[in-house]
1. Might you let me know whether the stretch 140-147 holds any residue that is farther than 20 Å from Pro52 by Cα, small (Gly, Ala, Ser) and touching a Pro at 6+ places or on another chain (Cβ under 9 Å)?
2. Could you list, in sequence order, the residues of the stretch 89-127 that are touching a Lys or Arg at 6+ places or on another chain (Cβ under 9 Å), among the small types (Gly, Ala, Ser) and under 14 Å from Ser140 (Cβ atoms)?
3. Out of the stretch 122-143, which residues are more than 16 Å from the chain's Cα centre (by Cα) and not in a loop (DSSP other than H, G, I, E, B)?
4. Here is a list: Tyr117, Tyr92. Which entry is on the phi < 0 side of the Ramachandran plot, open to solvent by 30 Å² or more (accessible area, probe 1.4 Å) and in contact with a helix residue (DSSP H, G or I) (Cβ under 7 Å, 6 or more places away or on another chain)?
5. Kindly indicate which of Ile84, Ile56 is among the β-branched types (Val, Ile, Thr) and either farther than 20 Å from Gln152 by Cα or in a strand (DSSP E or B) (or both).
6. Condition first: within 13 Å of Cys106 (Cβ to Cβ) and not small (Gly, Ala, Ser). Now tell me which residues in the stretch 120-147 satisfy that.
7. For residues in the stretch 98-114 being outside any loop (DSSP other than H, G, I, E, B) and open to solvent by 10 Å² or more (accessible area, probe 1.4 Å), which is farthest from Ala51 (Cα to Cα)?
8. Using the structure shown, decide if Ala21 is more than 21 Å from Phe146 (Cβ to Cβ), modelled with pLDDT of 50 or more and more than 28 Å from the chain's Cα centre (by Cα).
Amino acid sequence: MSVIRSASVTSMGIKAVLPEAIFKRVLFRGAIASILTLSLPFGCARAPSTAPTLDIKLYQAWELQPGDVLGDRRILGGLGDISIALDGNSVYAPFDGRTQIDQRRCLIFSSPDVPAYLFRLCGLKDARPSMVNQGDTIGSGTLLQFATLRKQPNGTWAIVEPAKAILERTLKKS
């Protein structure tokens with residue numbers, strides 16, 4: 001029989017005296033469990049984005065904006081937005097460019113090909129900031145709220161009517 005070794009193993013307030021072999025197994029299993037538990041947040045969770053959100057100043061001052069909450073419902077679109085039923089389909093980068101997230105959790109697409117314009121896409125799942133190539137998937141969803149913003153001389157952005165060709169490039173992979 002193994003030598004009895006006193007251990008300060010406490011479970012629910014009960015101290016136990018364990019044989020040395022069992023003591024070592026409990027200690028080893030506890031160490032493994034601790035390592036696995038500590039590593040879970042690093043291996044299974046998506047790292048939070050460190051990219052700052054955009055704060056776009058609109059030329060027009062409308063009271064309700066996408067992302068606002070009215071009662072217990074979130075506003076998805078506003079004046080100037082085009083509503084498109086995606087039915088779970090993807091949307092694509094219309095040009096080479098960059099995606100960013102604004103303060104209302106909408107995806108903002110910008111490109112050096114159209115430097116005076118930003119495209120705001122609200123309602124997308126899996127939207128994240130990144131550099132993208134034309135035709136890359138930038139998100140998917142059920143309902144897309146699309147707005148085109150044009151830079152004004154005073155540095156603000158005005159919502160303008162989107163070009164049909166830009167919308168088509170956003171909805172079909174090129």
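The values are calculated or read from the model by the stated rules, or taken from the named source; none is laboratory data. Predicted, not measured: the structure shown is a model, and the values here were computed from it. Positions of Cβ are generated from backbone atoms using ideal geometry, with glycine treated the same way; all protein chains shown enter the neighbour counts. When the accessible area is computed, the model is the full protein with side chains, heavy atoms only, and any ligands, DNA or RNA have been set aside. Shrake-Rupley method; radii C 1.70, N 1.55, O 1.52, S 1.80 Å.
1. Looking for residues that are farther than 20 Å from Pro52 by Cα, small (Gly, Ala, Ser) and touching a Pro at 6+ places or on another chain (Cβ under 9 Å), one finds at least one in the stretch 140-147, hence yes.
2. Those that are touching a Lys or Arg at 6+ places or on another chain (Cβ under 9 Å), among the small types (Gly, Ala, Ser) and under 14 Å from Ser140 (Cβ atoms): Ser90, Ala93, Ala127.
3. Of everything in the stretch 122-143, just one residue is more than 16 Å from the chain's Cα centre (by Cα) and not in a loop (DSSP other than H, G, I, E, B), namely Leu143.
4. Going through Tyr117, Tyr92 in turn, the sole match is Tyr92.
5. Unique residue meeting the criteria: Ile84.
6. Taking the stretch 120-147 and keeping what is within 13 Å of Cys106 (Cβ to Cβ), we get 120-125, 127-129, 138-139, 141, 143-147.
Hits for the stretch 120-147 are Arg120, Leu121, Cys122, Leu124, Lys125, Arg128, Pro129, Ile138, Leu143, Leu144, Gln145, Phe146.
7. In the first step, residues of the stretch 98-114 are kept if they are outside any loop (DSSP other than H, G, I, E, B); the result is 98-102, 107-110.
Subset that is open to solvent by 10 Å² or more (accessible area, probe 1.4 Å): 98, 100-102, 110.
Values: Arg98: 12, Gln100: 8, Ile101: 8, Asp102: 10, Ser110: 15 Å.
Checked the stretch 98-114; the qualifying residue farthest from Ala51 (Cα to Cα) is Ser110.
8. Numbers: more than 21 Å from Phe146 (Cβ to Cβ): yes; modelled with pLDDT of 50 or more: yes; more than 28 Å from the chain's Cα centre (by Cα): yes.
For Ala21, the condition - more than 21 Å from Phe146 (Cβ to Cβ), modelled with pLDDT of 50 or more and more than 28 Å from the chain's Cα centre (by Cα) - is met.
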